[in-house]
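Single-structure report; data block below.
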Amino acid sequence: NAGVMQNPRHLVRRRGQEARLRCSPVKGHSHVYWYRQLPEEGLKFMVYLQKENIIDESGMPKERFSAEFPKEGPSILRIQQVVRGDSAAYFCASSPSGTPQLFFGSGTQLSVL
Amino acid sequence: KQEVTQIPAALSVPEGENLVLNCSFTDSAIYNLQWFRQDPGKGLTSLLLIQSSQREQTSGRLNASLDKSSGRSTLYIAASQPGDSATYLCAVIRNSGNTPLVFGKGTRLSVIA
């Protein structure tokens, strides 16, 4: 069974460009979470999605950030007009319906030059 | 607002020693608490999950305890090995629904051969 797959593993962008991070959850999981980890910091919750719906986006910046989890295909975290402060590791986790146990991907390391 | 603190931030021990990692949380109204391991450049691996009604969980050389009333958990590692070197993260979840985990910043453990 494949676990949570994130790609790319490393992403380099210049200031002002767009970053798209992809997450394919464990097969059969309908809940996806995105977390961000800044250097020397813990993981901070960003957004929680179920298929086609955003359930909780309280941890996501109001501007430049968006997330989706379409009916078909992976979940996408999109960051527009990236700034140096966006440099971080972005982790995706998934869970089956009705349980709080999460399975994490290996993360995408975003570097903004 | 739930806050999770882990002490110490870093720990270095010789191989074979027993050690304790500490985690404290401010809001005792938790559903469960989890300990994760994070290796550099990799995702999180769940080690132990303790339900709020439980006192401890054991897996091999790992033992995690939970004292919900005092807002504390400890992770005990027996007979440490160099392969145990990693960052250990503590996380709590508020209720049984698919609500976000709240993480501590982690303890970076180095076991010296």
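Structure values in brief
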read-out	value
Odd one out for A:Val112 among (1) within 14 Å of another protein chain (Cβ to nearest Cβ); (2) surrounded by fewer than 22 Cβ atoms within 10 Å (Cβ to Cβ); (3) among the β-branched types (Val, Ile, Thr)	(1)
Test: residue in region A:90-101 that is facing chain B (nearest Cβ under 9 Å), surrounded by fewer than 21 Cβ atoms within 10 Å (Cβ to Cβ), of a type in the set (Val, Ile, Thr) and under 24 Å from B:Ile50 (Cα atoms)	yes
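Each reported figure results from applying straightforward, stated rules to the coordinates on display, with no laboratory input. Remember, predicted model here, so these are calculated numbers, not experimental data. Here the Cβ is made from the backbone with ideal geometry for all residues, glycine too, and neighbour counts use every protein chain on show.
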